[in-house]
1. Quick check on my filter: what residues within the range B:1-51 are charged (D, E, K, R), surrounded by fewer than 21 Cβ atoms within 10 Å (Cβ to Cβ) and part of a loop (DSSP other than H, G, I, E, B)?
2. Name, by its number, the condition in (1) buried (at least 24 other Cβ atoms within 10 Å of the Cβ); (2) over 19 Å from A:SER191 (Cβ atoms); (3) aromatic (Phe, Trp, Tyr) that does not hold for A:PHE6.
3. Has the range B:56-66 got at least one residue that is more than 12 Å from chain A (Cβ to nearest Cβ) and buried (at least 24 other Cβ atoms within 10 Å of the Cβ)?
4. Return the pairs, sorted by first residue and then second, in which the second residue is among the basic types (Lys, Arg) and in a helix (DSSP H, G or I), the first residue lies in the range B:151-169 and is in contact (Cβ under 8 Å) with a residue 40 or more places away in the chain and over 23 Å from B:VAL341 (Cα atoms), the beta carbons are less than 7 Å apart, and the residues are 6+ apart or on different chains.
5. Looking at (1) closer than 24 Å to A:GLY5 by Cβ; (2) away from chain B (no Cβ under 14 Å), which is the only condition A:PRO171 fails?
6. So in the range B:295-317, with the set limited to residues that are more than 16 Å from the ligand (Cβ to nearest atom) and in contact with a Ser or Thr (Cβ under 6 Å, 6 or more places away or on another chain), which one is farthest from B:ALA68 (Cα to Cα)?
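The numbers here are math on the coordinates, done by the rules we state, and not lab data. Only a predicted model underlies this, so the values are computations on that prediction, with no experimental measurement involved. All Cβ positions, even for glycine, are placed from backbone atoms using ideal geometry, and neighbour counts span all protein chains on display.
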Amino acid sequence: MLLLGFDTATPAVTVALHDGEQVLAQVATVDAHRHAELLAPAIAKVIADAGAEREDLTAIAVGVGPGPYTGLRVGVVTARVLGTALGIPVYGVCTLDVVAAGAIAAGTVTGAGGGEFLVATDARRREVYWARYDPAGQRLAGPGVARPDQVEGRDVPVAGEGARLYPDLLPAGREPVYPAAGDLCGIVAGSLAHSASEGPVPGGTVSPGAGALATGTGLLPPEPLYLRRPDAREPGARKRVSPSCAS
Amino acid sequence: MTGPLVLGIETSCDETGAGIVRGRELLANEIASSVAEHARFGGVVPEVASRAHLEAMVPAVDRAMERAGIKPGDIDAVAVTAGPGLAGALLVGVAAAKAYAYALGKPLYGVNHLAAHIAVDQLEHGPLPEPGIALLVSGGHSSLLLVPDVTGDVQPLGATIDDAAGEAYDKVARVLGMPFPGGPPIDRAAAEGDAGAIRFPRGKYHDGTLDFSFAGLKTAVARWVEARQDAGEPVPTKDVAASFQEAVADVLTRKAVQACQRNGVTDLLIGGGVAANSRLRSMAAERCASAGIRLRIPRPGLCTDNGAMVAALGAQIVSRGLPPSPLGLPADSSLPVTDVVVR
Ligand SMILES: [Zn+2]
């Protein structure tokens, strides 16, 4: 297995190459405004660093957010095109699950309080994307979008950039601040190994039922989790350009 | 005829375009438009357009490959609109083009949208005259350009100082109770109206520059209609449409002919969505004929934004052996027209 994973749903552009057991190469850059510039060169770099060829890739893993739209779409469209051009499957993973996996691996949230923890990332407009996890990394609630003071159960540790942005409202901030593509690949490799042990890995793009979102670290189709509708208002009555008559 | 086989991707506004060209031969031109999703907002909503681009991108390219009868590995190069346009919309196309180029191991060319509007005419009318003058008019642009070489030397002569011509069409359509986009319904209504009924102002007509202004015209039409409504009189919609259209075509063609004469150029090319307008086409034909200027206008399907125009420009750039763009290519929403290829 040679898995290429990347996530562009936060200010970080993170890319990793994974063989199913371990990370072979990884690069990450934090720059909220240059996702489209940074992603493709980073992909070329991890593949070159690992001494691999693009034709060797067996699957693509992509963080599907939630995240601010523009950067998120760069990752998702890149994943879809690589999948179709190379003829390999594309797996989506909730970006908050990737941060949760990183927090557990780094031991920053284990053993704290009752063991549950939150992940919160920047949703802009003074809101955060959030999800709640059990100590094993199983998602219990979310993903959702809310003002930081509206996130329920804020007394547990909080991984992700949200705690750094709103330390007064989400005080128990923990590492990591951003998702790491190595953790993203780890989730996909683990899920594929799990389904392989239960039956053959499905070919093509995995499209699990909606239940996958509620039950934790399931694989998702490569569709952005926008969580918000586009800002657009239907115009009201046209405004006059001539001054109105007084009478 | 042979030449480089180029995939062109266009996402600068609300059309997701995937075109395939071999040299100057058009093989496929697939377009997915989100215009219907914008209609009720009376204009293009950038986030709605960007979401639609993401969903339409891979299916549009797949259909183009199928229509052209080629496999992805047959492609010699990938060209993409790098700007100007809506920032978030451009990013979807640029990211997709990079992924195709990288996955297929082929060079990437980030190109200028305006130059692509010019280059597309080669698919229909053969090699471009060098130099030529180009008048590009759409909802997003109104420009006069001197084009010694579409692959590397495009010089701005004039542009709108306020609204684009197509924008004025959309706003006047709204005043007249017509749907978005305003070009087609105004053109239809105008066909049955009297173009001499109302003398609307021609902005910057005598100012000696090659710039345009359509904001004053748009406001004059709204004032005229409101005065009728305030007086309780019916609005002669067809006459208003025809008189408005006459004013737009008059200004555009007058300045286009002036641009040719001042630069000693005998070939004019008109492109962009407004080039589909029947009055602009007929008036340009009359005025060019009497001024001894040869006129080229691509068919309407190649005038509006599409992927074939990007592929057509890409193919010329590849044919000249010009260097490609890096994988770090940025999208630039205000890319100057003088930057034909972004490196
Ligand atoms: Zn255009």
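1. So the first thing to find is which residues in the range B:1-51 are charged (D, E, K, R), and the list is B:10, B:14-15, B:22, B:24-25, B:30, B:37, B:40, B:47, B:51.
Now narrow it down to the ones that are surrounded by fewer than 21 Cβ atoms within 10 Å (Cβ to Cβ): B:22, B:24-25, B:37, B:40, B:47.
Passing the criteria: only B:ARG24.
2. Here A:PHE6 clears every test but (2).
3. So far as the range B:56-66 goes, yes, one or more of its residues are more than 12 Å from chain A (Cβ to nearest Cβ) and buried (at least 24 other Cβ atoms within 10 Å of the Cβ).
4. Close Cβ pairs satisfying both conditions: B:ASP163/B:LYS218; B:ALA168/B:LYS218.
5. The number of the failed condition is (1).
6. B:ILE317
Residue-by-condition table, conditions (1) within 16 Å of the ligand (Cβ to nearest atom); (2) closer than 17 Å to B:GLY314 by Cα:
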site: B:LEU54; (1), (2): no, no
site: B:PRO72; (1), (2): no, yes
site: B:GLY85; (1), (2): yes, no
site: B:LEU91; (1), (2): no, no
site: B:ALA97; (1), (2): no, yes
site: B:VAL111; (1), (2): yes, yes
site: B:ALA119; (1), (2): yes, yes
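Results for (1) surrounded by 22 or more Cβ atoms within 10 Å (Cβ to Cβ); (2) outside any strand (DSSP E or B); (3) more than 18 Å from the chain's Cα centre (by Cα), shown as yes or no for each residue.
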| site | (1), (2), (3) |
| --- | --- |
| B:ALA95 | yes, yes, yes |
| B:TYR102 | yes, yes, yes |
| B:ALA115 | yes, yes, no |
| B:PRO129 | no, yes, yes |
| B:LEU146 | no, no, no |
| B:VAL154 | yes, no, no |
| B:ASP162 | no, yes, no |
| B:VAL172 | yes, yes, yes |
| B:MET178 | no, yes, yes |
